[in-house]
Amino acid sequence: METLIVIFFYSIDGLSVAESMYSSKLTVSTQTYSRECSNSKYYYETIQVHVEETGNYSFTSISSIKTYGYIYNNSFNPFNPNENLLSDNDVKCDKYQFQLKVYLQINVTYILVVTTFSPKEIGNFSVHATGPGNISLNQISEYL
């Protein structure tokens, strides 16, 4: 599975803004889990998030598939998806793309989970992340 990570830094009205773009795809060989008491299997990808400055960050999906996004504090348990959950957002944004706005701290590991609206859905996706400091997004190949 190929991933692409792009990082930009710029200033708006004297405030520093970091921007990262992460691209990957969900395939039939991607990990699956049951979401929200469902017996259906949803493909998902786990992405480790580290920030270099405490503050407000935004994560937005860009995809032709309908995406869900979740962010967890320290770890993600696919057998108990509500454990350590900080924020989630499903289809509240245009074209069924998630948008998460969350306050993150340095020296804390966060896990971003990208999954889909419908079970067994596959396809390409990107995550656009912005915030006051560098945002490191790294795929976790196997979780648990």
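Listing for the model above:
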item	result
Nonlocal amide H pairs with residue 68, under 5 Å, H built at 1.01 Å	115, 116, 117
FRET efficiency, residue 106 to residue 30 (Cβ-Cβ, R0 25 Å, nearest 0.05)	0.25
Extension gain from residue 124 to residue 141, taking 0.36 nm per residue of separation minus the Cα-Cα distance	4.5 nm
Inter-probe distance in nm under a simple model that places probes 7 Å from Cα toward Cβ, at residue 41 and residue 53	4.3 nm
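None of the figures in this text is laboratory data; all of them are computed from the coordinates on show. This one's a predicted model, so the numbers in the text were calculated from it and none came from an experiment. Positions of Cβ are generated from backbone atoms using ideal geometry, with glycine treated the same way; all protein chains shown enter the neighbour counts.
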